[in-house]
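K.L.:
One structure follows; several queries about it will come next.
Every number in this text was worked out from the coordinates using simple rules, so none of it is lab data. Since this is a predicted model, take the numbers as computed values, not measurements. Positions of Cβ are generated from backbone atoms using ideal geometry, with glycine treated the same way; all protein chains shown enter the neighbour counts.
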Amino acid sequence: MELFAKLGIDGRLLAAQLLNFGILAFLLHRFLYRPVLAMLEKRTAMIEQGVKDSQEARTRLESVSKEQEEILARARNQAQNTIERAQGVIEAYKKEVLEQTTAQGEKILAQARVQIAQEQQEMMEEARKEVIDLVLLTSRKALERMHVSDWEEESLKNVVRTLEKESV
C-alpha cells in the first residue's frame, strides 16, 4: 500500500470507487445492458422474419405470376378455340342459309315457270278460240254473200258447227 501512498492514491477511496464502479457495472448490466440486448435480439429476429417473409412473398409472387401466365395462356387458347368454333358455326349457318335461299329461289322459279306455262297455254287456247270465232264469222259472212248449192251450203254449215263445238 505504500506504493499507492507514494503515488498519491488513497486505498480506502480506491476501494470505495471500485465498489461504486462494481455496483454501477452490476446495475448497468442488469437494468440497461440486458434490456438493450433483448431489444436488439427482438429487432434482429423481426428483421430476419421480415427478410424471410419477403423471400416467401417473392417466391409466392413468382409462382402466382407463373400461374397467372399459364391461366392467361389457357384462356387465350380457349378463347381462340371458341372463336374458331364460332366461325365454323357461322360458316355452316351461312352455307345452310345460302342453300335454303337457293332452294327457295329454285322453287319460286319452278313455280313461275309452271305458272308461265299455264298462262301461255291459256293464252294459246284463247287465241285458238278467237281464231276459230273469226274464221266462223268470216265463213258465215262469206256464205251469206256466196251463191252456193244447197248441198255445199249444208256441208259448209256442218264444218261451221264442228268448228263452233271445238271453240266452246
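K.L.:
Glu130 to Ile47: extension gain in nm, 0.36 nm per residue of separation minus the Cα-Cα distance? Don't skip to the end; give the middle numbers.
P.N.:
On the way: separation 83, 0.36 × 83 = 29.88 nm, distance 11.88 nm.
Working it through step by step, the gained length comes to 18.0 nm.
K.L.:
Return the lysines within reach of Lys52: Cα separation strictly under 17 angstrom, same-chain partners fewer than 8 residues apart disregarded; answer none if there are no such residues.
P.N.:
Within the straight-line limit of under 17 Å, Lys52 reaches these lysines: Lys42.
K.L.:
Counting only helical runs of four or more DSSP H residues, what would the 222 nm mean residue ellipticity of the chain come to if each run contributes -39,500 (n - 2.57) and the total is spread over all its residues?
P.N.:
On the way: 4 runs with 154 residues, N = 168.
-34000 deg cm²/dmol, from helical runs alone.
K.L.:
So if each residue of separation counts as 0.36 nm, and I subtract the Cα-Cα distance between Gln17 and Asn81, what length gain in nm does that give?
P.N.:
Numbers: separation 64, 0.36 × 64 = 23.04 nm, distance 9.10 nm.
This chain segment gains 13.9 nm when fully extended.
K.L.:
List the extent of the Cα atoms of segment 2-167 along each of their three principal axes, largest first, rounded to whole Å.
P.N.:
203, 21, 21
K.L.:
If you don't mind, another one. Based on Cβ point charges of +1 for Lys and Arg and -1 for Asp and Glu, what charge dipole magnitude is obtained for segment 2-167 about its Cα centre, in debye rounded to the nearest 20?
P.N.:
Numbers: 25 positive and 28 negative charges, 453 e Å.
With Lys and Arg at +1 and Asp and Glu at -1, about 2180 debye.
K.L.:
Calculate, axis by axis, the spread of Cα positions in segment 20-107 along the three principal axes, and write the results as whole Å, longest axis first.
P.N.:
Extents along the principal axes: 124, 15, 8 Å.
K.L.:
Something else about it: Just add up the charged neighbours of Asn77: K/R +1, D/E -1, any other residue whose Cβ is under 15 Å from the Cβ of Asn77. Could the numbers behind the result be given before it?
P.N.:
On the way: positive: Arg74, Arg76, Arg85; negative: Glu69, Glu70, Glu84.
Cβ neighbours under 15 Å give a net charge of 0.
K.L.:
Also, I was wondering about something else. With the dipole of the chain worked out from charges on the C-beta (+1 for Lys and Arg, -1 for Asp and Glu) around the Cα centre, which of Ala103, Ala73, Trp151 lies farthest toward the positive end?
P.N.:
Ala73
K.L.:
Taking the Cβ of Pro35 as the center, what net charge do the other residues with Cβ under 12 Å away carry, scoring Lys and Arg +1 and Asp and Glu -1?
P.N.:
Numbers: positive: Arg30, Arg34, Lys42; negative: Glu41.
The answer is +2.
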